[in-house]
Amino acid sequence: MSRSQDELDLPHCSPVSNEHLQDPPPQAMDADAVSEDFRHYYSYHLGRDKSCVSSHYTYAALALTLRSRLMERWKQTQLAYDQPDNKQAYYLSLEFLMGRSLGNAMLNLGLSKAVREAMTGLGLQLEEMVETEPDAGLGNGGLGRLAACFMDSCATLQLPVTGYGLRYEYGMFRQLIEDGHQLEEPDHWLRNGNPWELERPEYTQRVQFGGHTERYKDHTGRTHVRWVETSDVLAVPFDTPIPGYENGSVNTLRLWKATATDEFDLDEFNAGSYPESVAAKNAAEHITMVLYPNDSSENGKELRLRQQYLLASASLKDVLRRWRAKHNNDFSLFAEKNVFQLNDTHPTIAVAELMRLLVDRHGLDWDAAWEITRNTMAYTNHTLLPEALERWPVRLFRSLLPRLLEIIHEINARFLNEVARRWPGDAARLRRMSIIEEGDDPQVRMAYLAIVGSFSVNGVAALHSKLLVEGLFRDFYELWPHHFNNKTNGVTQRRWMAWCNRPLTELLNDTIGDGWITELSQLEQLAPYAEKAKFRKRWHQAKRENKVRLAELVAQDTGVTFDPDALFDVQVKRIHEYKRQLLNILHVIHLYARIKAGDTADWTPRCVLIGGKAAPGYLRAKLIIKLINNVAREINNDPATEGLLRVAFLPNYRVSAMEVICPGTDLSEQISTAGKEASGTGNMKFMMNGALTIGTLDGANIEIRDAVGADHFFLFGLTAEEVAAARQHYDPNTIIANEPHLTRVMDLLESGYFNPYEPGLFADIIGSIRDPHDPWMTAADFADYVRAQESAAAAYRDREHWLRMSILNTAASGFFSTDRTMADYNTDIWRLEPVQPLPRD
Ligand code: N85
């Protein structure tokens, strides 16, 4: 049907090395060298001159200047990793929410000072150049950003870990707000080129789809399977360097782009159907065209399954290619030297694909291949929400990946045998645990495939991991208790403090030195300074500077004026009912009702900021955005609120916005229904930057509160257990009737006060709050939330007290570094040795 890969006109590496091609001498790291290189790239690479004043080109020239310094270190690191004795790990993820790279490269290369000096010398505004870079928004939210923080920490710890993902042409949509409604615009982030990526066509992989399977016998009489008459797609890798912090190491993020196998299909071309052959190319490229913008529900689209298989297949083949270059067909040590971490179930088809490659391609028998697979795969779960659990129709597998379906059936049959031996006669259990969910339209349960095919299953915070083994995965826990473990999430302090919070970083460095940048637990040395008035004053100045900056962003993007002396109360995250932005806005309405009633004695002026994207098909989440905007409009336009209350919805929340938001926040809203937020990671960014948390006992909030102490955390709400128990007799209408504050809030909402020209607009939301089956039980936690908010407001009025608590939050945030998280993954799951880059010859 199409030409073999060898015939494809791709670059390849010759096996004969050319000794004349020595590396040039190392590049200097001082301001003069940076300045000279910058001018070189600007003039001779980009072909611009002093008359062109676009920040796009100055940004590009600076990126190239940094990139060339990454390149030398990258090569020495990868050479060291490729020594045969090293074990390596691969992080397989459909999402890497990297954000911008320029600042991170400057920081981790140790070039921050030199670059600032060089740019000043050239009369250029570094800030402006930084702002020119588009965010690499290749993820939805927490799960994708976690992958990005993991990459930074692994490079800093010198762990040989490679990230594998997809190079979406369009990342997370850009959110516009028009008349209070969310509008989505495509995010063509690659439009102006991407200086950080390096295309590597020489490592292109072919990926099969469709077709059918055939059985044949080899000369010994053994039966094998062939997957034939497939429609193939090429996966071309693009590599991004991931620098460690001032350690000479540079890891790799390898993202696959789908392209057609042949520029022109010769048969079609000769038959005269030229447009059809070009169209085939188009169809192939669709696979990596766009990131699916759902963060909490699977939509069962065929294109999404194609994305998942392309990632799994191309990545495994890439790893096997390198393995076979050294070991030929000897896989006896493969599991000892390789480990794949599956970021949720999204890349889980890798379990079946590794079996297929080992058995069908490399001739291993089933048992040997299964032994390898089960000892190489590890699975991380990120959610308990049933609607987010991936299931694929068997019929879709049959038409798109017929060989993989056969393998899944075989894995399942053998697995159910094991279950039947352990629990003879327990048919209900067999049905519950089967990888295939039977029914009119049978489904493949991807989480079960992930558990059966791996040696480790982890949750992402202590409570989450406990709930997993008690609930969702209970049967599997009874079978294999030792496979289950917890790895509490973290965030990288390089981006989330050292880069994004200069005022506080300078204060920290002055006070306890800069060891915290690689050893976050050193922040505990700050605790005694909470008692020093002079230090508190400096802390306050740093926070205030950050609040001024945040207020500027809010003014620019929303037109709302925030007073930097007011309490900055912030909730930014994806919009979802379980995260309860609705509870937040009910509290805002309550504050407004108090103002209107003249109940403002001992008032704490407050600025409430809410931001986040709703999945485009999640209508209720979009209506919540509209409600927030309408409430903000009424409140901000009412003169009675002047100096007391401001509300803004920040459009297009993203990584680079959080870099301004978290340093300037006083109060961090982490108010999910207990038991629903697996971990949260925004909570950690806020804490690290000295915000206090108002939150429920959910996800990592519990560990945050344990670390900082109950006195320095505003706790409210039902526990996960209480939520489960209260469900039986939940009666929101009685709660509303018996709770005067909530009655007043609902009256305002139901009177149409916030939608005077749009009658009935919020009926759906009102109904959801009053629904006895409301899964998020918003009304149940309202009164206690208001109480906790009052104690936060009172605490803020005592500035010295608040500053003490703020300092103690930062001081206690050491545990929430991804350096710790990665060390834990490594000790318990990966077991890698750190590897130094090879010295240059
Ligand atoms: N989970 C998360 O960000 N999930 C996704 O982005 C996601 C789910 C999903 C389902 C977060 C189908 C298709 C694409 C998808 C948890 O909610 C946080 O609590 N994308 C947690 O902190 C974070 O993962 C990191 O563990």
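Points to keep in mind about this one:
- Based on DSSP H segments of at least four residues, each scored -39500 (n - 2.57), the chain has a per-residue ellipticity at 222 nm of -13500 deg cm²/dmol.
- Using the Cβ-Cβ distance between Asp706 and Lys532 with R0 set to 22 Å, the FRET efficiency from 1/(1 + (r/R0)^6) comes to roughly 0.30.
- Lysines with Cα under 21 Å of Lys579, excluding same-chain neighbours fewer than 8 positions away: Lys466, Lys613, Lys622, Lys626, Lys676, Lys685
- Computed from the C-alpha gyration tensor, the three semi-axes of the ellipsoid equivalent to segment 35-79 are 25, 9, 7 Å, from longest to shortest.
- log₁₀ of I(q)/I(0) at q = 0.13 Å⁻¹ - segment 353-468, Debye sum with one point per alpha carbon: -0.57
- Each of Asp426 and Cys52 was given a label point 7 Å from its Cα along the Cα-to-Cβ line. The distance between the two points is 6.9 nm.
- Radius of gyration (Cα atoms) of segment 80-196, expressed as a multiple of 2.2 N^0.38 Å: 1.30.
- Full-extension gain in nm, Asn733 to Asp330, via 0.36 nm per residue minus C-alpha separation: 138.3 nm
- Relative to its residue count, segment 202-260 spans a Cα convex hull of 153 Å³ per residue.
- Cα-based radius of gyration of segment 613-700 once divided by 2.2 N^0.38 Å, which approximates compact folds: 1.24
- Calculated diffusion of segment 227-333, Stokes-Einstein form, Kirkwood radius summed over Cα pairs, 10 °C and 1.306 mPa s, µm²/s: 94
- Cut-off 11 Å, label 7 Å out along Cα→Cβ of Leu838, residues of segment 59-96 by amide N: 75-84
- Per atom type, the chain shows carbon and sulfur on 50% of its accessible surface, probed at 1.4 Å.
- Our analysis of the chain gives Rg over Rh at 0.97, with the two radii drawn from alpha carbon positions and Rh computed by the Kirkwood formula.
- For segment 12-79, the set of trypsin sites (Lys or Arg not before Pro) satisfying both a DSSP loop assignment and a count of at most 15 other C-beta atoms within 10 Å is given as Lys50.
- D_trans [Stokes-Einstein, Kirkwood Rh over alpha-carbon pairs] for segment 1-157, 10 °C, 1.306 mPa s, µm² s⁻¹: 85
- Average accessible surface area per residue within the chain, 1.4 Å rolling probe, Å²: 39
- Between segment 552-578 and segment 270-307, the Cα center-to-center distance that results, in Å: 38
- Pair-distance profile P(r), taking every C-alpha pair of segment 166-290, with 10 angstrom steps and integer %: 11, 25, 27, 21, 12, 4, 1, 0
- The amide H of Asn251, built 1.01 Å from its N in the peptide plane, has Ile242, Gly244 as neighbours under 5 Å, considering only residues 5 or more places off or on other chains.
- The loop-placed GluC sites (Glu not before Pro) in segment 411-512, going by DSSP, that have at most 12 neighbouring Cβ atoms within 10 Å of their Cβ come out as Glu438.
The values are calculated or read from the model by the stated rules, or taken from the named source; none is laboratory data. Worth saying up front: this structure is predicted, and the values here are computed from it rather than measured. Quick reminder, even Gly has a Cβ in these numbers, built from the backbone with ideal geometry, and neighbours come from all protein chains shown. Ligands, DNA and RNA are stripped out before the accessible areas are found, and what is left, the full protein with its side chains, is counted by its heavy atoms. Shrake-Rupley method; radii C 1.70, N 1.55, O 1.52, S 1.80 Å.
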